[in-house]
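The values are calculated or read from the model by the stated rules, or taken from the named source; none is laboratory data. Keep in mind it's a predicted model, so treat the numbers as computed, not measured. Neighbour counts are summed over all protein chains in view; Cβ atoms, including those assigned to glycine, are modelled from backbone coordinates with ideal geometry. We work out accessible area using only protein heavy atoms, side chains counted, and drop any ligands, DNA or RNA first. Shrake-Rupley method; radii C 1.70, N 1.55, O 1.52, S 1.80 Å.
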Amino acid sequence: MKTIIVIGAGAAGMIAALAAKSAAGAGAVRVLLFDGNEKVGKKLFITGKGRCNVTNASDMKTVMENVVSNPKFLYSAFKCFGSADIMKILEDGGCRLKIERGNRVFPVSDHSSDVINTLYKLLKNAGVNIKLNCIIKKLLINDRKCSGVVLANGSSISADAVIVATGGISYRLTGSSGDGYKFASAAGHKVSELYPSLVPLVLSEHDCTRLQGLSLKNVNAAVYKGSKRIYEGFGELLFTHFGVSGPLILSASSYIAGLVKNGNLRLVIDLKPALDKNVLDARILRDFEKYKNKSLKNALGDLLLQSLIPVIIDRMNISPETRVNEIKKEHRHRLVNILKDFEFTITGMRGFDEAVVTKGGVSVKEVEPSSMESKLIKSLYFAGEVLDLDALTGGYNLQIAWSTGWMAGSCAAGSLL
């Protein structure tokens, strides 16, 4: 009987094993699924804050637009196995799903364990041999063909195809050791520089500490390198003791990962994106007329959250005790500019232990997009986060795992029949 080895029992690995069995028929191919953890889906368990944002139910065009790195490479994989396909597999397996804001898909129970348990049941029913607490030391490669693996205990297992679905190096506590990159490098593959992605940003200003815990909704944020705009988005962000986090910031991190180390990055927040400067100035004039006999610090409550007021006034370079009827036009215009361009200096990003995904990985130029097979080593396949593929939040990264995993598994099995 032909043997397929899948390394890594995360989202990509589990669906690859299932696809291999599905393509070959239950008894036609032996599928061995290895993982160094004590259970499958360990990273999947914590995704979506434990709710597991399974996928995104938007059309392919929207999904592709939310892929940051190498979206064109994924065209065949998404077409072969899209969001509707993974949703059908899970629901047919007994895991009911729901679609929320932004077409984000979650289990009805809001428990990631239901997704994992469903996949585990499907794997067992399909006859996949799951081997936990088993660490792969290296790949067996002879004459530019992968012929098996060597375990940590020194024993070797022969295989007709090997699928590397080891994930990245984010959330190391889930077993993301980066072994897949080592396997790929040893096989001659180029691995691009790795960065944490979908991760909070570190800012230099002391204002962050003063604003710690403040959540801003419906704001616009842009990142500039010099005068060039690198990223712009609308949504929600959160101030922390070190800088900023939240959905808007995590998305920004996907675009600036390789630029932070060179410095000169600015985060500019528009606190009032619905108002242009003229309309905002008119609004402030009305408030100032209403509170003309009060001090400035007591006249901005209708316009700003309380914790923002002292920081904004400091940036105006004016005393908070200044009476509103004494404020000059230049100060009012300065206030308008600060609210529309609330600026900070980005000095870094938080590390891999806080990153949702790893940016970078095995070069997709050396992998066949129609099968996920290595162009360098026959019978060696890659799937999921180990590849140089990443996307924004919203279920897109998991869909990359499902799509590339399914294609790798079904093509690996198909090549053996």
Item to check | Number of positions in segment 179-193 that are in contact with a strand residue (DSSP E or B) (Cβ under 7 Å, 6 or more places away or on another chain) and either open to solvent by 50 Å² or more (accessible area, probe 1.4 Å) or at positive phi (or both) | outcome: 2
Next on the checklist: Being among the hydroxyl-bearing types (Ser, Thr, Tyr), open to solvent by 10 Å² or more (accessible area, probe 1.4 Å) and out of contact with any strand residue (DSSP E or B) (no Cβ under 6 Å at 6 or more places or on another chain) is the requirement here; does Ser370 meet it?
Outcome noted: yes
Next on the checklist: Kindly evaluate Phe342 against the criterion of being open to solvent by less than 20 Å² (accessible area, probe 1.4 Å), under 30 Å from Ala282 (Cα atoms), touching a strand residue (DSSP E or B) at 6+ places or on another chain (Cβ under 7 Å) and of a type in the set (Phe, Trp, Tyr).
Outcome noted: yes
Checklist outcome for this item: The condition of being in contact with a Gly (Cβ under 6 Å, 6 or more places away or on another chain) and among the aliphatic types (A, V, I, L, M) holds, among Ala184, Ala159, only for Ala159
Checklist outcome for this item: Checked segment 373-392 for anything open to solvent by less than 20 Å² (accessible area, probe 1.4 Å), over 21 Å from Ser197 (Cα atoms) and of a type in the set (A, V, I, L, M); matches are Ile377, Leu380
Checklist entry - Restricting the search to segment 267-300, which residues are surrounded by fewer than 17 Cβ atoms within 10 Å (Cβ to Cβ) and assigned to a strand (DSSP E or B)? => result Val268, Ser295
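Conditions tested, residue by residue: (1) within 28 Å of Trp406 (Cβ to Cβ); (2) in contact with a Pro (Cβ under 9 Å, 6 or more places away or on another chain); (3) modelled with pLDDT under 95.
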| site | (1), (2), (3) |
| --- | --- |
| Ile136 | yes, no, no |
| Ile141 | yes, no, no |
| Ser170 | yes, yes, yes |
| Lys182 | yes, no, no |
| Ala187 | yes, no, no |
| Ser192 | yes, no, no |
| Gln212 | no, no, no |
| Ala221 | no, no, no |
| Leu238 | no, yes, no |
Checklist entry - How many of the residues in segment 32-61 are assigned to a helix (DSSP H, G or I) and either of a type outside the set (Lys, Arg) or in contact with a Pro (Cβ under 6 Å, 6 or more places away or on another chain) (or both)? => result 7
Checklist entry - Ser204 is checked against (1) open to solvent by less than 20 Å² (accessible area, probe 1.4 Å); (2) at negative phi; (3) touching a residue at least 60 places away in the same chain (Cβ under 8 Å) and fails just one. What number does that condition carry? => result (1)
Checklist entry - Is at least one residue of segment 34-48 more than 27 Å from Asp110 (Cβ to Cβ), open to solvent by less than 10 Å² (accessible area, probe 1.4 Å) and not hydroxyl-bearing (Ser, Thr, Tyr)? => result yes
Checklist entry - How many residues are open to solvent by less than 30 Å² (accessible area, probe 1.4 Å) and within 18 Å of the chain's Cα centre (by Cα) if we restrict to segment 224-249? => result 9
Checklist outcome for this item: Taking first residues from segment 96-108 that are touching a residue at least 24 places away in the same chain (Cβ under 8 Å) and within 8 Å of Ala57 (Cβ to Cβ) and second residues anywhere that are surrounded by fewer than 12 Cβ atoms within 10 Å (Cβ to Cβ) and among the hydrophobic types (A, V, I, L, M, F, W, C), the pairs with Cβ under 8 Å that are 6 or more apart or on different chains are none
